[in-house]
Amino acid sequence: MLTKWEELRLVARCVAGDDRRAFERLVVEYQQPLRRFLLNLTMGNASLTDDLAQDTFLKAYMGLRSWQGVARFKTWLFRIAMNEYYGYLRRNRELLQDDPPDVSSGPMEDMAGKAEARMDVERCLKVLSPAERGAVLLFYLEDRPIKDISRIMEIPEGTVKSHLSRAKAKMAKVR
């Protein structure tokens, strides 16, 4: 994992000298966690995950000058990803109400026990609102602290805690 200083140095190289290799290093570093987060957020929709990840990195590259360096680059990148996901939901609201996402395929379906566990997790995530799902995935899967989740989701820390609490209650009722 890159340190904050390494991130700052790479971003400075991108901004000052249009160093695409520096940005490539950032992409290589954060592509897997970002794609994992988006894959879970989209309930296993791999093609949507690819589109959102590509759009996220493109917007990050185009907006590097706006990154202030207060939060970690990864936090800023995940915020862009959340915005892309929310934008997708707004643009496709009617489609999503009629056609729930296909959760039948996933990377763990090769082993029966893991496939069953994944289905349980997907059933639990399905009952959550997008905001609750985002908070749960960031907190439990990405192991992000409440403070970072607050920055990524652009909501107060208390609201993050409320989302997590409501999500736990909802998921506990899923059978």
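Of note:
- Close contacts from region 153-175, counting a first residue that is within 20 Å of residue 75 (Cβ to Cβ) and in contact (Cβ under 8 Å) with a residue 60 or more places away in the chain and a second that is polar (S, T, N, Q) and outside any loop (DSSP other than H, G, I, E, B), with Cβ to Cβ under 9 Å and a gap of 6+ residues or different chains, come to 153/159; 154/83.
- Against the test of being at pLDDT 95 or above and in contact with a Lys or Arg (Cβ under 8 Å, 6 or more places away or on another chain), the options 81, 60, 53 yield a single qualifying residue, 53.
- Residue satisfying all of: in region 123-141; buried (at least 18 other Cβ atoms within 10 Å of the Cβ) and touching a residue at least 40 places away in the same chain (Cβ under 8 Å); nearest to residue 82 (Cα to Cα) among these: 134
- Within region 1-28, the set of residues being surrounded by fewer than 18 Cβ atoms within 10 Å (Cβ to Cβ) and among the hydrophobic types (A, V, I, L, M, F, W, C) comprises 1, 2, 5, 8, 12, 15, 16, 27, 28.
- Condition met for residue 118 (exposed (fewer than 13 other Cβ atoms within 10 Å of the Cβ), at pLDDT below 90, among the basic types (Lys, Arg) and closer than 27 Å to residue 169 by Cβ): no
- Some residue of region 29-37 being modelled with pLDDT of 95 or more, more than 13 Å from the chain's Cα centre (by Cα) and surrounded by fewer than 20 Cβ atoms within 10 Å (Cβ to Cβ): yes
- Boolean, residue 147 is more than 15 Å from the chain's Cα centre (by Cα) and surrounded by fewer than 14 Cβ atoms within 10 Å (Cβ to Cβ): yes
- Residue list for region 38-56, filter: surrounded by fewer than 19 Cβ atoms within 10 Å (Cβ to Cβ), assigned to a helix (DSSP H, G or I) and not small (Gly, Ala, Ser): 48, 50, 51, 54, 55
- Region 1-47, residues that are of a type in the set (A, V, I, L, M) and either touching a Gly at 6+ places or on another chain (Cβ under 7 Å) or over 30 Å from residue 132 (Cβ atoms) (or both): 8, 10, 11, 12, 15, 16, 22, 28, 41
The values are calculated or read from the model by the stated rules, or taken from the named source; none is laboratory data. Just so it is clear, the model here is predicted, and its values are computed rather than measured. Note that each Cβ is placed from the backbone with ideal geometry, even for glycine, and that neighbours are counted across all protein chains shown.
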